[in-house]
Amino acid sequence: MTGSNRVEASDPGQVAVGQARIGWAERTMPVLGLIRDVFEREQPFAGLTVAACLHVTPETAVLVNLLTAGGAELHLAASNPLSTQDDIAAALAASPAVKVHARSGVDRRTYYEHIHRALDAGPALVIDDGCDLVNTLHTERQELLAGVRGGCESTTTGVARLRRMAAEGTLAFPMVAADDSRTRRRFDNFLGTGQSVIDGILRATNALLAGQVVIVAGYGSCGSGIAARARGLGAQVIVTEVDPDRALEALMEGFRVLPMAEAVPLGQVFITATGSRDVIGREHMAAMRDGAILANAGHFDVEVDVRALAELAVAVHPSVRPHADEYLLDDGRRLILLAEGRVVNLVAAEGNPAAVMDLSFAVQALALAWLGSREGLAGSEGRAGEDEGGGGEEGPLPAGVHDVPSEIDAQIAALALASLGTEIDALTPAQQEYLDSWRQGS
Amino acid sequence: MPTEAVPFKVKDLSLAEFGRKEIRLAEHEMPGLMAVREEFARSQPLRGARITGSLHMTIQTAVLIETLAALGAQVRWASCNIFSTQDHAAAAVAVGPDGTPEDPKGIPVFAWKGETLEEYWWCTEQALTWPGQPGPNMLLDDGGDATLLVHKGAEFEATGAVPEPADDDPEEWLVILAALRASLAASPGRWTATAAEIKGVTEETTTGVHRLYEMAKAGTLKFPAINVNDSVTKSKFDNKYGCRHSLVDGINRATDVLIGGKVAVVCGYGDVGKGCTESLRGQGARVIVTEVDPICALQAAMDGFQVARLEDVVDSADIFVTATGNYNIITAEHMSKMKHQAIVGNIGHFDNEIDMAGLARLPGVRRTNIKPQVDEWTFADGHAVIVLSEGRLLNLGNATGHPSFVMSNSFTNQVIAQIELFTRGEEYPLGVHVLPKHLDEKVARLHLDALGVRLSTLTKEQANYIGVPVEGPYKPDLYRY
């Protein structure tokens, strides 16, 4: 069943272009380079099949090549119907150790078809980005569950779904919440997404953000990064939130915080980064200014209610610019939806910068090796609650959602520092003893 | 009000030792002034100059005064604001580096913190009074009060009488008229003679410069003026970087409120307003700007600030700062509509940006002094606002004004302008001038070493390519920096 579907990449002639871009990404991902050296030597994935559902970008290709260099047989599906970069898919498909099932601009049916094909080989390890692959495993491919040792989830949205599965007792194997590592939250979300979401909006619209009122919905680790960068470009940023802690943080950073209904008439650019749905709904769109730009930075296309927008509009002018659709309302106002409401930094720009993905994928690579090294398969007897125990040093991890081990976080930061040529201090034995003790006071 | 001649008048000479210690620290932070002292130690270009200064009597000003003296000038000094004097600085200047409180050997200074308006104008007049000598031949002004007294005195001497005040004249104008009335009676012709003796004035600040241009336009200006304010190394540094530093300092010392998360309104987005907004934003405040000038308003918008009308945000903001150089910006009615315990302060030169008199006239309003320069004004309905420094510039009233390094930039301009007018007066005909750009660049150059700045040098070819001399000036006069 595997061979025939293998190259879903639409144009094999793009191989050379894709390889050149992957080469560029490799040069800007030094931490993965250092890990690759180790994996090539130690072959942690020898004999293991990995099914991955990730945005097919040059950075993902570097991760994929690193895992296959470590001995894995890798089956890759796209984690978004629009985000696949076909030249990258083509270049990856040229490698014998990788089976690619991805092509840009597919419909929903084909999207899930690709996920099924990536699962066909029966993975021992999985990498997911949004939990669609793990979800499919648990709902439609349950016969494969027993063979899965565990996996990693990349995004906040996916981790939230996994936690709900774990709470229900449905999750059948251990999943590492790569999203929750310190490295990831700071670098990937705040820095990477913060920059690339703005990049996507600029590429799609060529709008000058200085002087514009930008509404950022959600002040989590992504939203705060977006807000900081929009301000840096001279925008007047208004934050909407539902969480009082984050709202207070936004306020203390000097942002105006308003309910969405009050922000709507002020905003010129709207960016959703909540992980929730219907953040911008029909009643909001009905009150927006002419020319308002709507962009979503969240993982799924549910944050802007695109269906409501289509219903509200009397006409749609698709692709007034690439990745920008103009919706005409009955009173003559036009609203501009970017990337069809899908994750704008990946669709209209190139996703997170390679240097950021370097750290984020390093978490996944090391977490996956850590999972792969645990011989015992997480059977159904291990259906413990999330985050329970460490499962002993080398024993099987129970099913559930697990945090990234702090040693992996520290290891990655150390590798990143080494790659940047930065040296840091070490605690002296006396300092360590002081920090470990409690007797010494003022 | 004292009338007898005294050699100086300060709050407390015993503060001189503390003042001298602070002057010593400030000298290190004022590399421009110290470099000028060294450069002109031998040539003494201000020998023969009798300089009357009217400028905030602070530690930094003490270094300026002693620099002028070190270049050969005789100096008499008053502050240009009733609250801005640092009494230990005044004491140290009066005592001098070689004197003692019992045997002061310093420079005549007439200034203390918390003068009445009558005392303030008495001090200004004392600084303009040179016992046994024909008055000053140079003015160094900040806000133009010394220039104003000389000009108004001469004007009234020409018309023969001091006019009667009108009903709605500000209180301060009545005090000025009273002082001049007494002066005309005691020594008629004095101000006319003083004006004739003065070679020129160097003016420190926007407000004073504005007055000078008005007088020049009206044909009433009696001596040449150098507009020090518009040297780049003055206005950008002092107005922008200085206010950026001292605004927040003043608000913190006065109120200790957490600025993060508050909504602050800054009226005016000139150099001062730009510095103020930057520091408030840096503390985490959300800053709203009000403007009348479309260029400045657009700049504020492009810098990401909300630009609104004061009346639209007056009931929702927590902190209000005026930085316009205009008057009646925040009215009593505005203040009555503010949130309970909103903070109101002014960083513009004069105290008329906030209508304090109108506030005091509101029926049922009550003033409660919290601590020096911090008053709570409670309205009839029970809610209150906090007014800093009685509406006078809060960075000086509630904190210590600009830091030494910033003042070194503007004061080095002052010293160079004094040298220019005194030694090369023929090049500065009656009118208002700015310092030539090469001197502006010189001021900047004198401050680079202290910051560890390594300046690059144009090659001859590069200089030719852009058509400037290798040693500068580098920019056309209209360049905006």
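The values are calculated or read from the model by the stated rules, or taken from the named source; none is laboratory data. Please read all numbers here as calculations on a predicted model, not as lab measurements. Glycine gets a Cβ as well: all are built from the backbone with ideal geometry, and neighbour counts include every protein chain shown. We work out accessible area using only protein heavy atoms, side chains counted, and drop any ligands, DNA or RNA first. Shrake-Rupley method; radii C 1.70, N 1.55, O 1.52, S 1.80 Å.
Please state the relative contact order of segment A:219-332 as a whole percent: Cα pairs under 8 Å, 6+ residues apart?
Rounded, it is 18 percent for segment A:219-332.
Determine ³J(HN,Hα), in whole Hz, for all residues of segment A:425-442 in sequence, where each value follows from phi through the Karplus function 6.51 cos²θ - 1.76 cosθ + 1.60 and θ = phi - 60°; x replaces Gly and Pro.
Once θ is set to phi - 60°, the couplings for segment A:425-442 become 6, 10, 4, 6, x, 5, 5, 4, 5, 4, 5, 7, 9, 10, 6, 7, x, 6 Hz.
Compute the separation of the alpha-carbon centres of segment B:236-266 and segment B:338-367 and state it in Å as a whole number.
Cα centroid of segment B:236-266 versus Cα centroid of segment B:338-367: 18 Å apart.
Just to make sure I understand: if all protein chains stay in place, what is the order of A:PHE300, B:PHE305 by accessible area at 1.4 Å, largest first?
A:PHE300, B:PHE305
Check B:PHE110: other-chain or 5+ apart residues with amide H under 5 Å from its amide H, H built from backbone geometry?
B:LYS9, B:TRP77, B:ALA78, B:SER79
Pairs of alpha-carbon atoms within less than 8 angstrom and 6+ residues apart define the contacts here; what relative contact order does chain A have, in percent?
Rounded, it is 16 percent for chain A.
Scan around A:VAL257 for amide H atoms under 5 Å from its own, H built in the peptide plane at 1.01 Å from N, and keep only partners 5 or more places away or cross-chain.
A:VAL239
Rounded, prolate or oblate: which fits the protein assembly as shown, taking a ≥ b ≥ c as square roots of the Cα gyration tensor eigenvalues, rounded meaning a/c under 1.5, else prolate when a/b beats b/c?
Prolate, because a/c is 1.5 or more and a/b exceeds b/c.
If you take the alpha carbon radius of gyration of chain A and divide it by 2.2 N^0.38 Å, what ratio comes out, to two decimals?
Working it through for chain A, the quotient is 1.01.
Among B:LEU15, B:LEU46, B:GLY32, which residue has its Cα positioned farthest towards the positive end of the charge dipole of segment B:1-67, with +1 placed on the Cβ of Lys and Arg, -1 on the Cβ of Asp and Glu, and the dipole taken about the Cα centre?
B:LEU46
Please work out whether segment B:274-324 counts as rounded, prolate or oblate from its C-alpha gyration tensor, where a ≥ b ≥ c are the square roots of the eigenvalues and a/c under 1.5 means rounded, while otherwise a/b larger than b/c means prolate and anything else oblate?
Since a/c reaches 1.5 but b/c is at least a/b, the shape of segment B:274-324 is classed as oblate.
Of all the accessible heavy-atom surface of the protein assembly as shown, with the other protein chains kept in place and a 1.4 Å probe, what percent is carbon and sulfur?
Within the protein assembly as shown, the accessible surface is 52 percent carbon and sulfur.
How big is the B-A contact in terms of buried accessible area, both chains counted, 1.4 Å probe, rounded to the nearest 100 Å²?
1000 Å²
Between A:GLU153, A:GLU143, A:GLU113, find the one with the highest GNM mean-square fluctuation for chain A; connect C-alpha pairs within less than 10 Å.
A:GLU143
I want the antiparallel fraction of DSSP beta bridges within segment B:329-459, as a percent rounded to 5.
65 percent
Using only DSSP helix segments of four residues or longer, with each worth -39500 (n - 2.57), what per-residue ellipticity at 222 nm results for chain B after dividing by its residue count and rounding to 500?
-12500 deg cm²/dmol
Please give the peptides A:192-199, A:225-232, A:260-267, B:87-94 ranked by average Cβ packing (other Cβ atoms within 10 Å per residue), highest first, as a rough proxy for protection.
B:87-94, A:192-199, A:225-232, A:260-267
Please give the per residue accessible area of segment B:313-409, computed with a probe of 1.4 Å over protein heavy atoms only, in Å².
Value returned for segment B:313-409: 37 Å² of accessible area per residue.
Quick check: from the Cα gyration tensor, does segment B:235-327 come out rounded (a/c under 1.5), prolate or oblate?
Judged from the Cα gyration tensor, segment B:235-327 comes out oblate (a/c at least 1.5, b/c at or above a/b).
As a test of reading the structure, rank B:ASP141, B:ASP103 by solvent-accessible area (1.4 Å probe, protein chains only), most first.
The ranking, largest first, comes out as B:ASP103, B:ASP141.
Can you tell me what share of the DSSP beta bridges in the protein assembly as shown is antiparallel? A percent to the nearest 5 is fine.
Rounded to the nearest five, the antiparallel share is 20 percent.
At a cut-off of 20 Å², which residues of segment B:285-325 become less accessible once all protein chains are present than in their chain alone, using a 1.4 Å probe?
Listed in order, they are B:ARG286, B:ALA301, B:MET302, B:GLY304, B:GLN306.
What is the dipole size for the protein assembly as shown, taken about its Cα centre, with +1 at each Lys and Arg Cβ and -1 at each Asp and Glu Cβ, in debye to the nearest 20?
Using only the charged Cβ atoms, the result is roughly 1360 debye.
If the limit is 31 Å between Cα atoms, which of B:LYS105/B:LYS371; B:LYS240/B:LYS475; B:LYS113/B:LYS437; B:LYS21/B:LYS240 go over it?
B:LYS105/B:LYS371; B:LYS113/B:LYS437
Taking only Cα atoms and a 10 Å spring cutoff, compute GNM fluctuations for chain A and point out the largest among A:SER276, A:SER83, A:SER221.
Fluctuation is largest for A:SER276.
Can you list the HN-Hα couplings for segment A:398-407, worked out from phi with the Karplus curve (6.51, -1.76, 1.60; θ = phi - 60°), rounded to whole Hz and with x for Gly and Pro?
So the J values, rounded to whole Hz, are x, 4, x, 9, 10, 6, 5, x, 5, 5.
Residues with amide H under 5 Å of A:ASP128's amide H, sequence separation 5 or more or different chain, H placed in the peptide plane at 1.01 Å from N; which?
Those lying under 5 Å, H to H, from A:ASP128 are A:CYS53, A:CYS152, A:GLU153, A:SER154.
Show that you can apply the helix-only estimate: for chain A, add -39,500 (n - 2.57) for every DSSP H stretch of four or more residues, divide by all residues, and state [θ] at 222 nm to the nearest 500.
Per the formula, -11500 deg cm²/dmol.
Which helices of chain B meet both criteria: a Cα extent of 24 Å or more along the helical axis and a mean Kyte-Doolittle score no lower than -1.0, with helices taken as whole DSSP H segments?
TM-like helix candidates: B:404-423.
Hey, could you grab the Kirkwood Rh for chain B? Inverse mean 1/r over distinct alpha carbon pairs, Å, one decimal.
23.3 Å
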